[in-house]
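The values are calculated or read from the model by the stated rules, or taken from the named source; none is laboratory data. Owing to the predicted nature of the structure, the values given are computational and were not obtained by experimental measurement. Counting neighbours? That spans all protein chains shown, and the Cβs are built from the backbone with ideal geometry, glycine included. The accessibility values were calculated without ligands, DNA or RNA, using every heavy atom of the protein model including side chains. Shrake-Rupley method; radii C 1.70, N 1.55, O 1.52, S 1.80 Å.
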Amino acid sequence: MTVADSSRVVQAFRRVTATSALGRWLRAVGRAFGALDAGMARAAAEKDANADTDAPRIRALAADSRLVRALDRLFAAPEVAWEHSRVRTMVLSVRDTVRALELWQRVRLLGWMMIVAVTTRAALYAMAGNPLTAPSLAVWGAIVGAGVVMMAAARSVAIAWVEWRRRRG
């Protein structure tokens, strides 16, 4: 007697279901699931065997597709335009200049940029006739305050930033 047959409940269940319609139906369902499982295992094995040949074939089909080529050109257009843009040289020059600054100078610059951006936003918001609410003034004030701290204590903020990054990493 096997371990699976050791239980009296299992033995009784098998005797009752061996001749009943419910038992035949349960066995048929079990066989169907077994066949499905075996079929899925065969399909997975075939897929693994064909994996080396599928990727190049799919790439070749995609390369021959007019739709894929058109989409590729469409999504590559901004990058190509950027490469030939006159503005690109100015942007890269500014980027290189900012990267050449010391960290505390970049912190001061960021603080100044925050103040200018929030002040401009608030002025345009007010000139458009929008109501100035306490929450919006509080948020703008907090951002301007952070910018002032970044400008006034740029070296300390830079040191704290480096220390925080060192502890994190």
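Numbers for the structure displayed
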{"quantity": "Pair list, Cβ under 9 Å, 6 or more apart: region 101-125 residue over 18 Å from ARG155 (Cβ atoms), other residue not in a helix (DSSP H, G or I)", "calculated": "ALA122/LEU132; TYR125/LEU132"}
{"quantity": "Evaluation of ARG88 against (1) modelled with pLDDT under 85; (2) open to solvent by less than 100 Å² (accessible area, probe 1.4 Å); (3) among the basic types (Lys, Arg) (one fails), failing number", "calculated": "(1)"}
{"quantity": "Boolean, TRP82 is over 30 Å from ARG165 (Cβ atoms) and surrounded by 10 or more Cβ atoms within 10 Å (Cβ to Cβ)", "calculated": "yes"}
{"quantity": "Test result for ARG99, surrounded by 10 or more Cβ atoms within 10 Å (Cβ to Cβ) and of a type in the set (D, E, K, R)", "calculated": "no"}
{"quantity": "Some residue of region 26-45 being surrounded by 10 or more Cβ atoms within 10 Å (Cβ to Cβ), among the β-branched types (Val, Ile, Thr), modelled with pLDDT under 80 and out of contact with any Ser or Thr (no Cβ under 6 Å at 6 or more places or on another chain)", "calculated": "no"}
{"quantity": "Any hit, region 89-104, residues being under 27 Å from the mean Cα position of the chain (by Cα) and part of a helix (DSSP H, G or I)", "calculated": "yes"}
